[in-house]
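The values are calculated or read from the model by the stated rules, or taken from the named source; none is laboratory data. Quick caveat: nothing in here was measured; it's all calculated off a predicted structure. Here Cβ is always computed from backbone atoms with ideal geometry, including for glycine, and neighbour counts include all displayed protein chains. Accessible surface is based on the protein model in full, side chains and every heavy atom, while ligands, DNA and RNA are left aside. Shrake-Rupley method; radii C 1.70, N 1.55, O 1.52, S 1.80 Å.
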Amino acid sequence: METPDMPDRAPIDAAVAALRELILAAESYRQVVAAKLALTVSETQAVSYLFARGRMGQGELGAAMGFNTSSTTALVDRLERNSIAERVADPNDRRRSIIQLTPDGNMAVAAAREWFLHAFDQIPSGDLAEVADVLLVLAGGLRARTESIPGEPELVERAAPRRRR
C-alpha cells in the first residue's frame, strides 16, 4: 500500500527484476554464441566492443573491458590467431596499435546479429524505436552507475584471502 512516506515499490521492483532477467538472458546468449563461434566469452566481449565502438587502441579496448595490459595483449593475440581481429599501426603514433575486426570478425558479428534479431520477434515493429530508446536509457544509466560503484564503501567486510601452502 502506498502512503506519502512509503511509496509503492512494486513498479520499480518489477522493472529491476525484468532488467536482471534481461542481463541473465544476455549473459546466457553470450555464452552460447561464444561456444558456437569457438571463442571465449572475453573474446566475444572484445568483438562486441570493436563492432559497437569501431577500431580502438589496444589500451582503450583493455580499459573498456577492465583488463590489465598483459591480459589485453593475450586476448588480442588470440583474436589474431583466430583471424577475428588484427593489429594495425596507428597512422599518428607508430608505437601504438589499433585493433580492428577482420572480414572473418565481421562475419562472426553478422551471424550473431541474425540470432540477436529474434529477441525482438514479439515486439510490434511500430514499437521498436521506443524500445531502442528505453534500452539506450537503461544502458546509459547502468554505465553511469557502474562508474560510481567503485568509490562507494564496501558492503561486506571480507577476511584477507588465505595463502595456499
Requested in this report: Springs between alpha-carbon atoms under 10 Å, Gaussian network over the chain: tell me which of Arg95, Arg20, Arg145 tops the mean-square fluctuations.
Outcome: Arg145
Query raised in the report: Dipole of the chain (Lys/Arg Cβ +1, Asp/Glu Cβ -1, origin at the Cα centre): which of Leu138, Gln31, Trp115 lies farthest to the positive side?
Result: Gln31
Report summary line: Taking only the Cα positions of the chain, the convex hull volume per residue in Å³ is 233
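What size of dipole, in debye to the nearest 20, comes out for the chain about its Cα centre when the only charges are +1 on Lys and Arg C-beta atoms and -1 on Asp and Glu C-beta atoms? If you can, show how the numbers build up before the last one.
Numbers: 20 positive and 23 negative charges, 259 e Å.
It comes to approximately 1240 debye.
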Query raised in the report: What is the distance in Å between the Cα centres of the stretch 8-30 and the stretch 100-165?
Result: 12
Report summary line: Under a Gaussian network model of the chain whose springs join Cα atoms within less than 10 Å, the largest fluctuation of Pro153, Pro103, Pro124 belongs to Pro153
Query raised in the report: Once Lys and Arg get +1 and Asp and Glu get -1 on their Cβ, which of Ser71, Thr40, Leu50 lies farthest toward the positive end of the dipole of the chain?
Result: Ser71
Query raised in the report: Based on the Cβ-Cβ distance from Asp8 to Glu154, what FRET efficiency comes out when R0 is 25 Å, to the nearest 0.05?
Result: 0.20
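In the stretch 67-143, what percent of the accessible surface is made up of carbon and sulfur (1.4 Å probe, ligands and nucleic acids excluded)? Can you show the working numbers first?
On the way: 3040 of 5360 Å².
Within the stretch 67-143, the accessible surface is 57 percent carbon and sulfur.
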Query raised in the report: Using a Gaussian network model of the chain with C-alpha springs under 10 Å, which one of Gly105, Gly126, Gly62 is most mobile by mean-square fluctuation?
Result: Gly126
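Once fully extended, how much extra length lies between Leu135 and Arg55, figured as 0.36 nm per residue of separation less the alpha-carbon to alpha-carbon distance? Spell out each step's value before the answer.
Values: separation 80, 0.36 × 80 = 28.80 nm, distance 2.35 nm.
Going from the current span to full extension adds 26.4 nm.
Compute the FRET efficiency between Ala15 and Thr73 as 1/(1 + (r/R0)^6), taking r as their Cβ-Cβ distance and R0 = 41 Å, and round to the nearest 0.05.
Details: r = 40 Å, r/R0 = 0.97.
Plugging the Cβ-Cβ distance into 1/(1 + (r/R0)^6) gives 0.55.
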Query raised in the report: Say each of Ala38 and Arg87 gets a label point 7 Å from the Cα, pointing the same way as Cα to Cβ; how far apart are those two points in nm?
Result: 2.4
Report task. Ratio to report: Rg/Rh of the stretch 72-159, with Cα atoms as the point set and Rh obtained by the Kirkwood method; give two decimals. Result -> 1.13
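What accessible area per residue, rounded to a whole number of Å², is obtained for the chain using a probe radius of 1.4 Å? List each step's numbers first, then the result.
Values: 12790 Å² over 165 residues.
Here the residues of the chain average 78 Å² of exposed surface.
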Query raised in the report: Say each of Asp121 and Leu24 gets a label point 7 Å from the Cα, pointing the same way as Cα to Cβ; how far apart are those two points in nm?
Result: 2.1
